[in-house]
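What follows is calculated from the coordinates using simple rules that are stated; it is not laboratory data. These numbers come from a predicted model, not from an experiment. Cβ: placed from backbone, ideal geometry, glycine included. Neighbour counts: every protein chain shown.
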Amino acid sequence: MKNSVCLLVALVAFSATLWAGAKKDQAPAPTTAPPAASSAQSSGPVLSGKKVIVADANSTHHLNLYVAYEKGLFTKRGLEVEIQQTSSGVAAVIGGEADIVFNCPTGVITPIAKGQNVTIISQVKIPCTSVLVVPVNAAYKTPADLQGQQIAGLSTTCCAVILIRDALRNQYNTDFELVTLAPGAAIAALDAGQVKGAILEEPFVALALLSQDAQGNLRYKTLFNGTSDADGDGKNEPNLAGENPPCRTINANKDFIATRLGDAKVFIEAIAEADQLILANPVASDIVDIAAKYVSVDRQAIINSNPKLGFTTQLATTQLKGYADALVRQGTIDQNPGDGLFAPEFKGITW
């Protein structure tokens, strides 16, 4: 009996030794939940693995797109983006040849109102920087002096043309004759005296304000934009375009949003990061270099205009719907789509 007890004690001791050795070689059991970052990553936007095609017409107003691309903000998120240069970006997005386009909002409000395959997903910038540029010796003391004058502008549906024209009509019972010209051609028409003023956007405003005559005198000034005194009373006249009107928007093919929402959300995340980089120092040499790479404008004009470009992804929905009202009034569209202008998938994100 005594021998049996001794044998049993020895077996128990031997088993304990084996168990202790096995535990020493094993990894310690987890005592906490996985890190929060891992959980967030697993529940974040899911990418399709497909390339995002952006149809683009070069503009410093799209600088956040170029900064996101050149700084690798898309690729670090696993998103492949291709920027294709075209003057018919909205049509390319509607037709499905491209996924995204940066554009003046009135250029997409019209096809949205007509039921075409495009929607607004994000703001690009606020405010609109377009202003009225006139020769330095122009004798316009009040907005009413613009009555019947030939003024160059991009189109009747350009946001700035709409805003300025509506203010003149409603507040001063005044209207001008619009001469439809692209910015470069508008400056050339000003130089030749073929128009009496031009509604220009940055950086073309800065370019015009840098222009000098043969004697080195400045050729142009801005009027009725809240920063100039036209009538000599010592006070700046109010901005005809109003306070902080929204400018460009980011717009997408509806099918792209429906089938590749993760790609679209990550795209906007990268743009938002680019916004912060630009806003931190809009005249930093690397930011100006990127702008100069994409836009053929004098470098000093870029430096002068970049600080005015208030990049943001947050949609100014009320003012954008106001543009739609203006398009209804001028007969361009039959009905204001209201909130139907904006992608519902981005509600709570960009609007």
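Binning the C-alpha pair distances of the chain at 10 Å intervals from 0 yields a P(r) profile of 5, 21, 27, 20, 9, 4, 3, 3, 3, 2, 1, 1, 0 %, listed from the shortest bin outward.
As a length-normalised measure over Cα pairs under 8 Å and 6 or more apart, the relative contact order of the stretch 132-223 settles at 41 percent. Here's the list of lysines a cross-link from Lys321 could span, going by alpha-carbon distance under 20 Å and ignoring same-chain residues fewer than 8 apart: Lys114, Lys125, Lys254, Lys347. Applied to the stretch 142-154, the Karplus parametrisation 6.51 cos²θ - 1.76 cosθ + 1.60 on θ = phi - 60° returns per-residue 3J(HN,Hα) values of 10, x, 5, 5, 7, 3, x, 6, 7, 10, 7, x, 5 Hz, with x for Gly and Pro. Using a Gaussian network for the chain with springs between C-alpha atoms less than 10 Å apart, which of these wobbles most: Gly338, Gly193, Gly107? Taking springs between Cα atoms under 10 Å, the residue moving most is Gly193. Quick check: from the Cα gyration tensor, does the stretch 105-181 come out rounded (a/c under 1.5), prolate or oblate? Judged from the Cα gyration tensor, the stretch 105-181 comes out prolate (a/c at least 1.5, a/b above b/c). Averaging the sequence gap over all C-alpha pairs within less than 8 Å and six or more residues apart, then dividing by the number of residues, gives the chain a relative contact order of 25 percent.
Where both bridge residues fall in the chain, DSSP classifies roughly 55% of the beta bridges as antiparallel. Secondary structure note: in the stretch 132-223, about 55% of the DSSP beta bridges are antiparallel. For a straight C-alpha distance cut-off of 14 angstrom, the aspartates and glutamates reachable from Lys76 (same-chain residues fewer than eight places away being disregarded) are Asp263, Glu269, Glu273. Mind pulling up the Rg/Rh value for the stretch 88-226? Radius of gyration and Kirkwood radius, both on Cα. Result: Rg/Rh = 1.03. Along the Cα-to-Cβ line of Arg329, 7 Å from the Cα, sits a label point; which residues in the stretch 171-191 have backbone N less than 17 Å from it? The answer is 171-178, whose backbone nitrogens lie closer than 17 Å to the label point. Cut-off under 19 Å on the C-alpha distance; same-chain residues fewer than 8 positions from Lys235 excluded. Which aspartates and glutamates are left, in chain and number order? Output for Lys235: Asp145, Glu243.
If you take all other residues with their beta carbon under 11 Å from the beta carbon of Cys158, and give Lys and Arg +1 and Asp and Glu -1, the sum is 0.
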